[in-house]
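Scroll down for the structure; my scribbles are underneath it.
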Amino acid sequence: MRLVLIVDDSKTARLLLRKMLAKYDVDVAMAESGEEALEYLQGNKPDVIFMDHMMPGMDGFAAVKAIKADPDIASIPIVMHTTKQGDIYLGQARALGAVDILTKPASASDLSRILEQVNNRDTRIETEIEPVVVPDTVVVTPPFYGSARQSLFVLIWVVSIVWLISLYVDEQVEIKLLQQQQAKTFGVIEALMNRQQTYDYGEVPMGGNRLALLETILPLLEQAGFRGAIRIEGHVGDFCLSQISLADGSEVMMLPSPELPLTACDVIGVSGAMAMRQSIAQSSGFAALRKQSQRAGAAIRIELAAYGATTPQYSYPVDIESVSTGDWNAVALDNNRVKYLLIAD
């Protein structure tokens, strides 16, 4: 990481964060507003942007939306640097394209964690699986019998046949044991892959941690001898959403405050077609990995199955009049999930 951009209308906040960044040996550029930040980004491409939320004119969310709409700078990681916090705000920030939140006043540990996250966006998931144990080949050498010169050739022929049959039987036993051990190993891997199925509102389901998991699991499966498909089923939750106006006059759908009654929702869920598309939305890295798996001769294919919101794993509250948006969205988050299946050829 070489260049950091701080966007904040508070000079004190800008200088404080720049002072904390000094020990990381990075160049720091600063902008006082969203408009000034967009002008700076026309000729510069920092490695990360720390974006304040409440600013006069274009606020932080409007600035994030404008940056992500420009393909030349959309890939720059943006961290909201604000006093706002909580899962609802994090979901709103991620829905617009921010990667995380650095709460004001920032602590050294939080800043270190954020910078490490940005520097290691390809972090791998360490997964421990039981190794495949291949039993040693048992070769039974049949005894050689012979008593008379005239029967020697007959005995050699008989013994050779018995020996070959014995080898065949032992080989079949070995293959069966190996297949059983492989099936057990594949079952362990599949269970590990499904240990954490849910993903946050606003996240791309086929990306992020799911991409890192696949990049770690694929070589382990190949080493274990798996040949076939990894089927990934995508599901989305029916979230309660409210329409919120941004400073630039546009409107977006976001998660409302969890204390509000469910009747305060403007919409619950999205259309069936939209839910299907959202359930298998892919990051560019995930799409590249899947394309690579579909090349001729690949041992393992990655297949996607869109389920949208048609098969929720958990039931939504029935008594709508007494339910809060937080209770409803907690169930929706549990239904916002992916499921992995290993299908051997």
When (1) at pLDDT 90 or above; (2) touching a helix residue (DSSP H, G or I) at 6+ places or on another chain (Cβ under 7 Å) are applied to Lys104, the one that fails is (1)
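Grab the helices (runs of 4 or more DSSP H) fully contained in the range 1-80, keeping just those with 3 or more residues being open to solvent by less than 20 Å² (accessible area, probe 1.4 Å) and closer than 17 Å to Arg94 by Cα. Let's see the steps before the verdict.
On the way: elements: 11-21, 34-41, 60-68.
Result: 60-68.
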Hits in the range 154-186 - residues which are open to solvent by 40 Å² or more (accessible area, probe 1.4 Å) and of a type in the set (Gly, Ala, Ser): Ser160, Ala183
Would you check if Arg18 is of a type in the set (Lys, Arg) and within 17 Å of Leu3 (Cβ to Cβ)? yes
Which ones in the range 232-290 are assigned to a loop (DSSP other than H, G, I, E, B), open to solvent by 60 Å² or more (accessible area, probe 1.4 Å) and touching a Ser or Thr at 6+ places or on another chain (Cβ under 7 Å)? Glu259, Leu260, Asp266
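Residue by residue, here is whether (1) within 30 Å of Met58 (Cα to Cα); (2) modelled with pLDDT of 90 or more; (3) in contact with a helix residue (DSSP H, G or I) (Cβ under 9 Å, 6 or more places away or on another chain) holds:
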{"position": "Gln223", "(1), (2), (3)": "no, no, no"}
{"position": "Ile230", "(1), (2), (3)": "no, yes, yes"}
{"position": "Gly237", "(1), (2), (3)": "no, yes, yes"}
{"position": "Ser242", "(1), (2), (3)": "yes, yes, yes"}
{"position": "Val252", "(1), (2), (3)": "yes, no, yes"}
{"position": "Glu259", "(1), (2), (3)": "yes, yes, yes"}
{"position": "Thr263", "(1), (2), (3)": "no, no, yes"}
{"position": "Gly272", "(1), (2), (3)": "no, yes, no"}
Got at least one residue in the range 292-301 being open to solvent by less than 70 Å² (accessible area, probe 1.4 Å) and under 17 Å from Arg210 (Cβ atoms)? yes
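Return the residue satisfying two criteria in turn: it lies in the range 81-90 and is touching a Gly at 6+ places or on another chain (Cβ under 9 Å) and not in a strand (DSSP E or B), and of such residues it is nearest to Lys104 (Cα to Cα). Spell out how you get there, then give the answer.
So the first thing to find is which residues in the range 81-90 are touching a Gly at 6+ places or on another chain (Cβ under 9 Å), and the list is 81-82, 88, 90.
The next check asks that each one be not in a strand (DSSP E or B); those that pass are 88, 90.
Values: Ile88: 17, Leu90: 14 Å.
The residue in question is Leu90.
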For the range 204-230, give me each residue that is part of a strand (DSSP E or B) and closer than 17 Å to Asn336 by Cα. Met206
Test: residue in the range 91-109 that is part of a loop (DSSP other than H, G, I, E, B), closer than 23 Å to Met253 by Cβ and open to solvent by less than 10 Å² (accessible area, probe 1.4 Å): yes
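The values are calculated or read from the model by the stated rules, or taken from the named source; none is laboratory data. Keep in mind it's a predicted model, so treat the numbers as computed, not measured. Using ideal geometry, Cβ is built from the backbone for each residue, glycine included, and neighbour counts are taken over all protein chains shown. Just the protein is used for accessible areas: all its heavy atoms, side chains included, with ligands, DNA and RNA removed. Shrake-Rupley method; radii C 1.70, N 1.55, O 1.52, S 1.80 Å.
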